[in-house]
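Structure, as structure tokens:
The values are calculated or read from the model by the stated rules, or taken from the named source; none is laboratory data. Everything numeric in this text was worked out from a predicted model, so none of it was measured. Positions of Cβ are backbone-derived with ideal geometry, glycine not excepted, and every protein chain shown enters the neighbour counts. Only protein heavy atoms, including side chains, enter the accessible area calculation; ligands, DNA and RNA are left aside. Shrake-Rupley method; radii C 1.70, N 1.55, O 1.52, S 1.80 Å.
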Amino acid sequence: MSTPFFRTTLLTCAGLAACLQSVPAAATVDRDGANLVFDEARTICDRDAGALWGRSLCGPILIVDPMDRAAIANQQDPGNALTAGGNVFTGTLPTGAIMANTRVEWSGTRWTQLLWPVSFETTTRRVTLAHEMFHRIQPDLGLTRPEAGNRHLDTLEGRYLLQLEWRALAQALMADDADDRRAHVTDALAFRHARHGLFANAAGDEAALEINEGIAEYTGVRLGLARLDERQAYAIFDLSRFLDAPSFVRSFAYASGPAYGLLLDDADPEWRGKISASANLGALLATAYNTGAAVSADLDARKRRYDVDGSLREAEVRRDGERIARVDAYRVALIEGPLLVLPLAKSNFQFNPQTLVPLDDAGTVYPTLRLTDAWGDLVVERNGALVQADMKRATVPLPRDGGLRGDGWTLTLKPGWKIAPGARAGDSTLVRDDSQP
């Protein structure tokens, strides 16, 4: 799904959640701009002609202005919510419908939805288009996985080994000599194997997001850009631009996916025919380069090759101290309470994937969030909300007046719901209001 916030357009999440782009001060979808996007999308999928995945990426595209929910589409919807006007179809997305760069079902159609403005930078726009168009067909290819937390990627060792892996992957992409490329691939897999050995479930958790988002970003690079040198340069760019993300927990796959995909293209052009939702890109690459998956020997020497002066390690140690202080503050506000507890049943999430903060085994803090469920709509603009690990509850600090507005968040309840005392003394929760018809 997604085009990251580092790209000015959002990197969306197709799956449980959708990633919400930062909304510009003003946004107006104009027909010329929309037609440019539609024409580029057609060029991308016509150039591919279904060769990469055995299926064309061409299909319905809906561009939405997040300021007023105005929409322009490239085709009519079966529900006739859109009105034909020239060669486009216009209308308004209803309140409550998700607005994000993502796959979305609306008015009888599975759309590739894009938020306006789509990036004005040509290369980024084309990668974004191919990425998001892939998400629309991804379920039909059987390439979706339930996502896990990847909380280990916010720890000192998890982050450090991931960045060493990225540095090795970048060197592999830049290598002209086949032996050099294989050596760097081996180093990258060694760091990956060492990380997975430190954290239970890390291998499976990472593989799930790399299938969901890494493959989509690889497709964006592979089909959005026509030349190999452009693809390699963009993959290296992906490996560097995420370094300043507040968290790697959900953003890492956007960086690693294109690198793994292009390196697999080089070593085993038939790899896409072997992939499934349960695949692990690291294992596929180890097989393609005949390195063996568990290449952890001489790990210290490998570290010195990619962190010569130890400055990366020092920076991560400092960051980890700051992280611990931030986590302690979130724990006081979002666990110890008093809290407003929001039950989750059929939820939609819109958020920035770069900012998520794992809170030990309690769940994940979303510093900013829009959350909708049967009870209504929660908008968190600052200070965060905790979504518990079992995805059954979310919590925000309870305001002193017990009302619908707290420090940094606003709750809008649907008719038939009210705030009631919670299960724990001092907490509140949402329940159905039986007094209303």
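Okay, residues lined up against (1) open to solvent by 20 Å² or more (accessible area, probe 1.4 Å); (2) within 26 Å of TYR366 (Cβ to Cβ); (3) out of contact with any Lys or Arg (no Cβ under 6 Å at 6 or more places or on another chain):
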| residue | (1), (2), (3) |
| --- | --- |
| GLN113 | no, yes, yes |
| THR128 | no, yes, yes |
| ARG136 | yes, yes, no |
| ALA148 | yes, yes, yes |
| ARG159 | no, yes, yes |
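Matching residues to (1) without any contact (Cβ under 8 Å) to a residue 40 or more places away in the chain; (2) under 22 Å from ALA253 (Cα atoms):
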| residue | (1), (2) |
| --- | --- |
| LEU285 | no, yes |
| ASP309 | yes, no |
| ARG313 | no, yes |
| ARG323 | no, yes |
| ALA333 | no, no |
| GLN350 | no, yes |
| THR372 | no, no |
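When LYS392 is tested against (1) more than 15 Å from ARG331 (Cβ to Cβ); (2) surrounded by 20 or more Cβ atoms within 10 Å (Cβ to Cβ), just one condition goes unmet, and that condition is (2). There is no residue in segment 20-43 that is under 15 Å from GLN113 (Cα atoms), open to solvent by 10 Å² or more (accessible area, probe 1.4 Å), part of a loop (DSSP other than H, G, I, E, B) and modelled with pLDDT of 90 or more.
Anything in segment 238-274 that is part of a loop (DSSP other than H, G, I, E, B), of a type in the set (D, E, K, R) and either within 15 Å of TRP53 (Cα to Cα) or more than 22 Å from the chain's Cα centre (by Cα) (or both)? List them, or say none. Correct list: ASP268, GLU270. For segment 49-69, a residue qualifies if it is touching a Ser or Thr at 6+ places or on another chain (Cβ under 7 Å), modelled with pLDDT under 95 and open to solvent by 20 Å² or more (accessible area, probe 1.4 Å), and exactly one does: ARG69. Within this structure, ILE215 passes the test of being part of a helix (DSSP H, G or I), of a type in the set (Val, Ile, Thr) and crowded, with 24+ Cβ neighbours inside 10 Å.
If a residue must be open to solvent by 80 Å² or more (accessible area, probe 1.4 Å) and in a helix (DSSP H, G or I), how many such residues does segment 305-323 contain? Count: 4.
Of the residues making up segment 418-437, those that are open to solvent by 40 Å² or more (accessible area, probe 1.4 Å) and either under 18 Å from GLY337 (Cβ atoms) or touching a Phe, Trp or Tyr at 6+ places or on another chain (Cβ under 8 Å) (or both) are ILE419, PRO421, ALA423, ARG424, ALA425, GLY426, VAL431, ARG432.
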